[in-house]
């Protein structure tokens, strides 16, 4: 039974990246996916082994459950489930949604507890690390193929419902549901793969007549880390690229202090990645453009000028709730073409604010699409529709461009066009409009396309919404997974899209679980820190097991870094990897023969 349970756990580590979007069925209130089926089998078998070990110890009167030691090592994880269930029970909204997510969190903790017990077997942590590395390599190669080999993207559609791109640059997601999830998963496996190669060399017996073994696996681990780092760059995730650099740099610093061979491997992988990045940037390749993704302000540059004469000029006054047609000349002064078709188009829209306070009155104005793709330097005349606020008053009108599902141009520093408009009945006194400098306009399109709503929310708006939600429910929050369903209540938008999270793991936990959730999550991180310290006390940092412990701890640190900009506990590959890494680190901290292969 123990061998079967361990085999199922290694199989789960191998298949984590490959979750099909079509569910297999339901287990009670939970939807069962392909990867979750493997995880639940591993959990059930692991629980059977742990239960059998406990019963055998009791029957021999030699085994007592060390409750104090158990709570010290795993109490925070159990507490996380307790807080999630309590928050779900007290959730003000969501119905069964928070309970389902709380049970999902419980399954992650169950994986952690059963895996921590199973991985105490000799060599088990090594096999789990190998399974994680092998699965990540296959996923990374699929991501490379998705970008470079025709037909691969269509073959990967069972893993994600859509393809992803930014201004015509494809974003790889491989077998993952979203590119950011792919980046988060791979960046956490990179230090494990790197440490695994060094650790294998550290435990090899030197050939006769020498005092050192070879470095073949160290080199292989560095190459694997470089391949996975390249796959992360293909996702165009700014947080992912930065996290990889910080994690590899952190390993190099720690290994340098402890004088372990991980230092050379980490510096080698980091240096090779930096050289490839420099070469890509200098040759202006597509990879180079992705690596400069955080400098994409130059992509979002425009000139926007409403036509000042004719029947379709911008009026100085609008009646409350009235819609006016306004001819607007736009010119692409950025570095990339503006797409007019696909899922991430560029289009014209506007915001209404109060002139004095700047408070947002209308965030998503009517959307006016482009008549065709607009290359850099080209212009077009758009027949825009602008709807006035329903209440009379003086308002600031901000005509802006939006990149669908990505950003507003104004959020990347583009000024757009601003004016003061009076919203009142026709008997009010006239208002003088500011006169902007003229701009040469391209010929107008033959017909005006229909206006559609803009669906784009900035990270800062979501952060503010999460904070406002916490202020309303400070102790236990909205309930597990509820923020993405009700964020529009706490933001200046009426866009409803359940794919939006707080784009920050800590604020997401704060909004959903309140201060209780943040406190128990902090306790969880402290318990992981203690597991790492126990592992390095049980095994010297230069030993094979100590090297592996450093890599696993660095994988958990990657979650903490990327968690500043994304959320990872909803998606099966990333939440399961998080708990599995924690279990591996806990097992390495046990002073037994468990981790020596």
Practice task
Have a look at 556, 577 and point out the one that is under 28 Å from the mean Cα position of the chain (by Cα), surrounded by 24 or more Cβ atoms within 10 Å (Cβ to Cβ) and under 17 Å from residue 187 (Cβ atoms).
Solution key: 577
Practice task
Output the number of residues of region 322-333 satisfying the condition of being touching a strand residue (DSSP E or B) at 6+ places or on another chain (Cβ under 7 Å) and assigned to a loop (DSSP other than H, G, I, E, B).
Solution key: 1
Practice task
May I ask you to list the residues in region 246-259 that are touching a helix residue (DSSP H, G or I) at 6+ places or on another chain (Cβ under 9 Å), in contact (Cβ under 8 Å) with a residue 60 or more places away in the chain and surrounded by fewer than 23 Cβ atoms within 10 Å (Cβ to Cβ)?
Solution key: 246, 250, 254, 258
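Can you tell me which residue among 81, 138, 161 is within 27 Å of residue 523 (Cα to Cα) and assigned by TED's automatic domain parsing to the domain that holds residue 196? Can you show your working first?
On the way: 138 fails: within 27 Å of residue 523 (Cα to Cα); 161 fails: within 27 Å of residue 523 (Cα to Cα).
After applying the criteria, what remains is 81.
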Handout entry: Which numbered condition residue 515 fails, given (1) surrounded by fewer than 22 Cβ atoms within 10 Å (Cβ to Cβ); (2) in contact (Cβ under 8 Å) with a residue 60 or more places away in the chain
Key = (2)
Exercise for the section: Please tell me if residue 405 is assigned by TED's automatic domain parsing to the domain that holds residue 325, surrounded by fewer than 18 Cβ atoms within 10 Å (Cβ to Cβ) and farther than 21 Å from residue 171 by Cα. Expected result: no
Practice task
Considering every residue within region 275-285, establish whether at least one is in the same structural domain as residue 233 (by TED's automatic domain parsing), modelled with pLDDT of 75 or more and either in contact with a strand residue (DSSP E or B) (Cβ under 7 Å, 6 or more places away or on another chain) or within 30 Å of residue 189 (Cβ to Cβ) (or both).
Solution key: yes
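Yes/no matrix, rows are residues, columns are (1) over 31 Å from the mean Cα position of the chain (by Cα); (2) at pLDDT below 90:
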residue: 341; (1), (2): no, yes
residue: 351; (1), (2): no, no
residue: 354; (1), (2): yes, yes
residue: 360; (1), (2): no, yes
residue: 369; (1), (2): no, no
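If a residue must be in a loop (DSSP other than H, G, I, E, B) and more than 25 Å from the chain's Cα centre (by Cα), how many such residues does region 216-262 contain?
Residues flagged as in a loop (DSSP other than H, G, I, E, B) and more than 25 Å from the chain's Cα centre (by Cα) within region 216-262 amount to 3.
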Problem - Single residue of region 87-107 satisfying the filter (surrounded by fewer than 19 Cβ atoms within 10 Å (Cβ to Cβ) and under 16 Å from residue 514 (Cα atoms)) that is nearest to the chain's Cα centre (by Cα) - result: 93
Practice task
Please work out which one of (1) outside any strand (DSSP E or B); (2) touching a strand residue (DSSP E or B) at 6+ places or on another chain (Cβ under 8 Å) is the condition residue 411 fails and give its number.
Solution key: (2)
Exercise for the section: Check 489, 534 and return the single one that is in contact with a helix residue (DSSP H, G or I) (Cβ under 9 Å, 6 or more places away or on another chain), under 23 Å from residue 72 (Cα atoms) and assigned to a helix (DSSP H, G or I). Expected result: 534
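Can you give me the number of residues within region 55-65 that are modelled with pLDDT of 65 or more and within 23 Å of residue 109 (Cβ to Cβ)? Reasoning before the result, please.
From region 55-65, those modelled with pLDDT of 65 or more are 55-56; that's our starting set.
Retained after the next criterion (residues that are within 23 Å of residue 109 (Cβ to Cβ)): 55.
Within region 55-65, residues that are modelled with pLDDT of 65 or more and within 23 Å of residue 109 (Cβ to Cβ) number 1.
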Completion exercise
The one condition residue 351 fails out of (1) assigned to a strand (DSSP E or B); (2) within 21 Å of residue 165 (Cβ to Cβ) is (2)
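The values are calculated or read from the model by the stated rules, or taken from the named source; none is laboratory data. Computed from a prediction, not measured in an experiment: that's the story for all the values here. Here the Cβ is made from the backbone with ideal geometry for all residues, glycine too, and neighbour counts use every protein chain on show.
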